[in-house]
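In what follows, a structure is listed as structure tokens, so that the remarks can point back to it.
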Amino acid sequence: VTFTSASQVENQNNIAVIPYPAQLDVTKEGKIAMNTFNAITYTDDNVMEYVSEFAAQLATTSGISLAVTESNGTAADGQIWLNVNNALPAEGYTLTVNDRNISIEAANKAGFFYALQTLKQLLPREFFGNTASYDAEWSIPYVSITDSPALEHRGFMMDVARHFFDKDEVKKVLDIMALYKMN
């Protein structure tokens, strides 16, 4: 298990990702605007659901519409590209943001899911709303992230025996758990 000190977080330009990735490098000062992207492409059909949900939420909250298409196998300019890389650990991923595109590589569906959760955390908090927020800064910092879970099981205890939670509250807790990469 690797622990990150407050000074290490400060040195990474205050990029807040929870849990903190195994490796996070700021590759360049500044950020890339989300409206420079025109599509999300993927090489694995198993991740289409995740990609579609991400694109729909981005369109709802930012007004930025991205086409969701199958990739021809290469990263193109102006695209968020998801590619299978079997050399990575089972739930691991790499996420690279540069001035041309965003590249996400993972070995399987779980890795892509966790990478998209990290991408969501890099966006402004308005991404998690229900209405459009045109005054937010819809951009992502130039980073290179490599991550995989330190523990196989990551959980959360919800005491439903002593406190009643309705179905919507349970679903909200599950969404928050997913955002923080708990399984």
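The values are calculated or read from the model by the stated rules, or taken from the named source; none is laboratory data. This structure is a prediction, so every number in the text was calculated from the model and none was measured. Here the Cβ is made from the backbone with ideal geometry for all residues, glycine too, and neighbour counts use every protein chain on show. With ligands, DNA and RNA removed, areas are computed over all heavy atoms of the protein, side chains included. Shrake-Rupley method; radii C 1.70, N 1.55, O 1.52, S 1.80 Å.
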Within segment 28-54, of all residues that are open to solvent by less than 20 Å² (accessible area, probe 1.4 Å) and not in a strand (DSSP E or B), the one farthest from L82 (Cα to Cα) is M34
For Q57, the lone unmet condition from (1) assigned to a helix (DSSP H, G or I); (2) without any contact (Cβ under 8 Å) to a residue 60 or more places away in the chain is (2)
Just one listed residue, out of E137, E105, is out of contact with any strand residue (DSSP E or B) (no Cβ under 7 Å at 6 or more places or on another chain), among the acidic types (D, E) and open to solvent by 20 Å² or more (accessible area, probe 1.4 Å), and it is E137
E169: passes all of (1) without any contact (Cβ under 8 Å) to a residue 12 or more places away in the chain; (2) within 24 Å of L24 (Cα to Cα) but (2)
Per the filter on segment 60-89, residues without any contact (Cβ under 8 Å) to a residue 40 or more places away in the chain and of a type in the set (A, V, I, L, M, F, W, C) are L66, A67, V68, A75, A76, A87
Original post:
Does G92 satisfy being on the phi > 0 side of the Ramachandran plot and either of a type in the set (G, A, S) or out of contact with any Leu (no Cβ under 6 Å at 6 or more places or on another chain) (or both)?
Top reply: no
In this structure, is N130 open to solvent by 40 Å² or more (accessible area, probe 1.4 Å) and among the polar types (S, T, N, Q)? yes
Review point. Regarding A178, is this residue open to solvent by less than 100 Å² (accessible area, probe 1.4 Å), closer than 28 Å to I102 by Cα and at pLDDT below 85?
Key: yes
Counting only residues that are assigned to a loop (DSSP other than H, G, I, E, B) and over 17 Å from K181 (Cβ atoms), segment 65-95 contains a total of 13
Being touching a strand residue (DSSP E or B) at 6+ places or on another chain (Cβ under 8 Å) and either farther than 18 Å from E137 by Cα or of a type in the set (D, E) (or both) narrows V97, V26 down to just V26
Checked pairs for segment 114-129, first touching a residue at least 40 places away in the same chain (Cβ under 8 Å), second among the aliphatic types (A, V, I, L, M), C-beta under 6 Å and 6 or more apart or across chains, list as Q117/L179; T118/V17; T118/L95; Q121/V17; L122/I140; E126/A136
Restricting attention to segment 137-183, the residues that are farther than 25 Å from A110 by Cβ and assigned to a strand (DSSP E or B) number exactly 2
